[in-house]
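Encoded as structure tokens, the structure appears first; notes follow it.
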Amino acid sequence: MFDIIQGMVLFDVKLTCYMIEIYKGDLRDLLLPKNVKEKPKLEPRFREGGMVEISNVTVKSLKSMKECNDVFEHGLKGRMVRQTKMNDESSRSHLIFSIIIESTNKQ
């Protein structure tokens, strides 16, 4: 993905991401800094064209594949897990990692 974007010389391209989990019907921001005391309510809404947008979610800028991997790994550490009979660390949630690509033609 980053190799393709580097070749798009006629466009300004901006990559951002967010990472949430759905746990017991609630949305949790997996990239929210730990020192935030009051967690904002995450609310999904549909944008023009059918894209889903999550309000109040932490958005990270991405400049490289390494940065993307680092953000993903950081978010995984915040997931809700619990031991089950079948698995020592079973996730009880659904994970959504979204990468948003915005491009603007320079011409």
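Kindly provide the set of residues from region 69-79 that are exposed (fewer than 13 other Cβ atoms within 10 Å of the Cβ) and in a loop (DSSP other than H, G, I, E, B), ordered by number.
Matches in region 69-79: Lys77 only.
Inspect all residues belonging to region 86-97 and state whether any of them is of a type in the set (A, V, I, L, M, F, W, C), over 26 Å from Met1 (Cα atoms) and modelled with pLDDT under 90.
Yes; the residues of region 86-97 include at least one that is of a type in the set (A, V, I, L, M, F, W, C), over 26 Å from Met1 (Cα atoms) and modelled with pLDDT under 90.
For region 55-68, give me each residue that is more than 14 Å from the chain's Cα centre (by Cα) and in a loop (DSSP other than H, G, I, E, B).
Within region 55-68, Lys63, Ser64 meet the criteria.
So Tyr23 passes all but one of these: (1) over 24 Å from Thr104 (Cα atoms); (2) surrounded by 17 or more Cβ atoms within 10 Å (Cβ to Cβ); (3) aromatic (Phe, Trp, Tyr). Which condition number does it fail?
Of the numbered conditions (1) over 24 Å from Thr104 (Cα atoms); (2) surrounded by 17 or more Cβ atoms within 10 Å (Cβ to Cβ); (3) aromatic (Phe, Trp, Tyr), the odd one out for Tyr23 is (2).
Do we have any residue at all in region 37-54 that's part of a loop (DSSP other than H, G, I, E, B) and surrounded by 12 or more Cβ atoms within 10 Å (Cβ to Cβ)?
yes
The values are calculated or read from the model by the stated rules, or taken from the named source; none is laboratory data. Note that this is a predicted model, so its numbers are computed, not measured. Note: ideal-geometry Cβ built from the backbone for every residue, glycine included; neighbour counts use all protein chains shown.
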